[in-house]
Every structure is written in structure tokens, then in C-alpha cells.
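To keep things clear, I will list the structure first and then write my remarks on it.
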Amino acid sequence: MKFGIIKEGKNPPDKRVVLTPKACKELKNTFSDIEIIVEKSENRTFADREYSNNGIEIVDDVADADVMLGVKEVPIKSLIPNKKYFFFSHTIKKQPYNRDLLRAILDKNIELYDHEVITDQKEIRLVAFGRYAGIVGAYNGIRAFGLKNRSFQLPKAEELEDQKQLIQELKKIKLPNIKIVLSGKGRVSNGAKEMLDGMGLKEVNVNDYLNEEFDQPVYCQIDVLDYNYRIDETVHDMFDFFAHPEAYASNFYRFAKVSDLYIAGHFYGSGAPYLFTRDDAKKENFKIQVVADISCDIDGPVASTLRASTIAEPVYGYDPETENEVDFLDPKAIAVMAVDNLPNELPRDASQGFSENFVTHVIPAFFNEDRDGILERARMTQNGKLTPRYDYLQGYVNGSK
């Protein structure tokens with residue numbers, strides 16, 4: 001079995017990798033019949049020489065590999081027919097901007113394995129960059145707060161080497177007595193929590209956060225039942241919320257009235273209530289000045305997220321009155337940080353963590369007849385068709401819905 005680490009083709013190019021040089025070497029020592037080749041790239045966080053120094057062949061063309069390993073969407077023109085591909089396709093939520101990509105994958109008889117749906121038997125994700133998105137997103141949110149209020153300046157995350165350096169920079173600043181609300185309890189949110197704890201911020205419970213004043217900056221991490229309630233008040237249960245999100249309404253606004261910075265690290269499921277709407281943001285007692293939207297669902301549950309921002313220009317402004325984008329320094333504006341590839345600002349850390357999980361959970365499945373069903377669950381396409389698990393996407397492919 002020959003694996004090819006492909007050059008990232010999406011613009012701007014992603015620096016992350018699925019397998020680090022060290023991981024490749026370890027795999028060759030573990031599996032006698034594995035081959036790994038690496039397509040030349042000037043953008044990868046691990047230089048070509050780091051792979052060659054670990055005994056991995058660097059090539060101009062990976063076309064003779066059986067399995068292609070990438071991170072971001074592969075440009076349609078670069079897809080090689082009749083191959084197996086691993087990358088984030090961003091199609092499982094029927095994202096309209098990638099409809100043509102999924103169509104091309106089917107037309108070219110490609111077996112697509114999406115990193116986002118590599119799960120265990122309990123549907124728990126096994127490989128993800130979420131923790132690193134949370135780490136960088138929290139740092140960027142604090143940085144945006146300093147820029148918005150002209151109170152301090154932090155270097156960009158991409159200019160620093162690792163999480164340790166990010167925390168060191170955060171410890172140098174002095175925040176005013178602000179309140180920070182952090183939504184979610186998964187990998188992303190917990191990565192953000194690592195940063196808030198690392199810089200020494202005090203965590204408080206929901207009741208105190210909503211009702212008390214503090215003589216220091218504080219934060220509160222909230223889960224779905226802290227900012228949603230069942231309309232008929234018959235039950236207050238997280239599993240019921242996931243099963244029947246349409247039966248719930250948001251009460252996030254009570255946090256918006258007392259928070260200065262909002263870090264959005266939640267997962268938003270289809271049919272769930274929006275956290276705050278454009279009308280909410282117009283209200284006089286809406287207090288949030290800065291939104292760090294790590295989840296980055298465009299024009300969705302966080303009303304101020306009009307678009308994704310970029311690593312080069314990470315912050316823009318949202319004017320609640322006009323509902324338009326403005327300069328984030330405008331006094332009326334909510335400053336929005338909505339970079340959609342945050343782990344790319346900490347590419348070595350992120351790649352190492354992802355690679356460890358990919359080596360542990362995914363590669364062995366190719367050599368043990370997929371005994372745990374990992375490949376079967378992640379295989380979205382086969383023989384030019386959607387697999388049964390993903391046939392809900394057929395209307396999306398056809399363009400009918």
C-alpha cells in the first residue's frame with residue numbers, strides 16, 4: 001500500500017500535514033509493506049528535507065500512490081481519477097460552494113474519506129484539528145480585543161512558534177475587568193479554555209457570571225443547556241436537545257447583556273436555534289464588543305459573522321444598525337475575528353497532534369481489514385456513487401436541495 005502526502009493546492013496554501021516526518025518513519029518501521037512518498041512543496045510547515053532526512057522519498061508526482069493524504073479541499077483540476085483521497089471536503093453539511101467538488105469526485109470514481117467523519121463505533125471523532133483551532137482562536141480573540149480598544153498589541157499567532165509562546169505573550173498583557181463568555185464543551189472550546197486558564201483568568205459559574213461584578217477579568221464556559229431552553233419546558237436534557245433542536249429557543253442574550261468578549265467554540269447543528277440574531281445585536285443593552293467566532297458558520301447562529309476572515313486580515317467590523325461590514329475600529333462596530341483555518345497559524349503543533357491520532361486510528365485500518373469499521377464509516381463515495389451512509393447528499397449533488 002503506497003500513501004502519498006500531497007501538496008496543498010487550495011489558495012492560500014495550508015501549511016499543515018496529515019503525517020509528520022517522524023510519523024512517516026515510524027510507520028515504515030511498523031508496517032513492512034507500507035510505502036510513503038511526499039509531493040514537493042515550498043509551503044509545508046515541515047520542509048521537504050525533513051522528510052528525506054527521515055528516509056521518505058520526495059517526488060514531483062504522486063500519481064502512482066494508492067491513497068492521497070491532504071488537509072484542505074483538493075482543487076478539482078488536481079484530482080487524480082480512481083484514487084483514494086483523505087481531506088476535509090466541507091460537503092457533509094451540503095455546503096453550496098463545494099457542490100462541484102463532490103460532483104467531480106463522483107465523476108472521477110474517487111473514494112473520498114473525509115477527516116471530519118473518521119469516527120469510532122460511538123460516532124466520536126478520532127482525528128481533528130479542533131483543539132488547535134480553539135487555542136489559536138482564543139489568542140486571536142484576546143488580540144482583537146486589544147486592537148478594538150487600542151489598549152494593547154499582541155503579535156500574530158503565526159509569528160510565534162507554539163502554544164507555550166502564545167501563553168507567554170498573553171501573560172504580558174493586563175486585561176481590564178471584563179467578562180468573557182466561551183460557548184461549547186468540546187475539543188474547540190476546551191482548547192480555548194486552555195489559553196484562558198494559561199494566562200491566569202478566573203473561571204466563574206453561570207449564576208455568578210450573570211449576576212455578580214468582579215474586580216478582575218473573568219470567564220464562563222457555557223454548554224448548550226446554558227444558552228438554550230425547551231419551549232414547552234417539559235424536559236431539560238442535552239440528549240433531547242440534540243434529538244429535537246427545533247423544540248428549543250436560545251436564551252444566550254442574557255450572556256450578551258453582560259459580556260465584553262464572546263468566544264464561539266460550540267458545534268452548531270442543523271435546526272438548532274441561533275445564539276444571537278441581528279435584531280438582538282441592535283438592542284441597546286447588547287454589550288459584546290468583540291466576537292471570536294472559531295466555529296465560523298457564515299450568516300448563521302452568530303449574527304455578526306458575515307464572512308470568514310483571513311490570517312492576513314483576521315478582524316473586520318460588523319455594524320448592528322446597518323447589518324453591514326465596516327472598519328472594526330468604528331465605535332458602533334462589533335469587532336469580528338472569524339478566521340476559518342486557525343490551526344494553520346500553529347501548523348507544527350497542530351500537525352503533530354493530528355498525525356499522532358491518524359497513525360493510531362486510521363493507518364492500521366488499512367492493514368487489519370478495517371476490523372473496527374473506521375474506513376467504512378468515513379468512506380463517502382465509492383464506485384462513482386455516494387455510499388449508503390452519505391446518500392442523504394444525493395439531492396445536494398443533483399442540485400435539487
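Just so it is clear, none of the values below were taken in a lab; they were calculated from the coordinates. From a predicted model like this one, the values you see are computed outputs, not experimental measurements. Heads up, the Cβs are rebuilt from the backbone with ideal geometry, glycines too, and the neighbour counts pull from every protein chain shown.
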Q. From the backbone phi of region 279-287, what are the Karplus-calculated ³J(HN,Hα) couplings (6.51 cos²θ - 1.76 cosθ + 1.60, θ = phi - 60°) in whole Hz, Gly and Pro given as x?
A. 5, 4, 5, 7, 5, 4, 9, 6, 9
Q.
So, R0 is 56 Å and r is the distance between the beta-carbons of residue 28 and residue 394; what FRET efficiency does that work out to, to 0.05?
A. 0.90
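Please tell me which of these pairs span more than 29 angstrom C-alpha to C-alpha: 148/202; 7/93; 94/164; 164/257; 72/332; 28/84?
Working: 148/202 22 Å; 7/93 25 Å; 94/164 37 Å; 164/257 33 Å; 72/332 36 Å; 28/84 20 Å.
Over 29 Å apart, Cα to Cα: 94/164; 164/257; 72/332.
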Q) What value, in deg cm²/dmol to 500, does the helix sum -39500 (n - 2.57) over DSSP H runs of n ≥ 4 give at 222 nm once divided by the residues of the chain? A) -7500 deg cm²/dmol
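Tell me, 283, 332 in order of fewest to most beta-carbon neighbours within 10 Å? Working shown, then result.
Numbers: 283 14, 332 11.
Sorted ascending by nearby Cβ count, the order is 332, 283.
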(Q) At a 10 Å Cβ-Cβ cut-off, how would you order 371, 389, 131, fewest neighbours first? (A) 371, 389, 131
Q: Go through region 347-359 residue by residue and turn each phi into a ³J(HN,Hα) via Karplus (6.51, -1.76, 1.60, θ = phi - 60°); whole Hz please, and just put x for glycine and proline.
A: x, 6, 4, 5, 5, 5, x, 5, 4, 4, 6, 5, 5
Q. What percent antiparallel are the DSSP beta bridges of the chain, to the nearest 5?
A. 25
(Q) For a quick check: with amide H placed at 1.01 Å from N, whose amide H comes under 5 Å from residue 68's, ignoring anything fewer than 5 positions away on the same chain? (A) 4, 84, 85, 86
Q. Relative to the first principal axis of the alpha-carbon coordinates of the chain, what is the inclination of helix 163-172, with its axis defined by its Cα atoms, in degrees from 0 to 90 and to the nearest 10?
A. 20
Q: Choose one answer from 159, 169, 73: the residue with the largest mean-square fluctuation in a GNM of the chain with alpha-carbon springs under 10 Å.
A: 159
Q. Helix 130-149: angle to the longest alpha-carbon principal axis of the chain, degrees 0 to 90, nearest 10?
A. 40
Q: Could you line up 212, 345 from fewest to most neighbouring Cβ atoms inside 10 Å?
A: 212, 345
Q. Given Cα pairs under 8 Å that are at least 6 residues apart, what percent is the relative contact order of the chain?
A. 18
Q) Just the Cα atoms of region 130-345, one point each, no solvent: what log10 I(q)/I(0) does Debye give at q = 0.07, 0.13, 0.15, 0.17 Å⁻¹? A) -0.19, -0.68, -0.92, -1.20
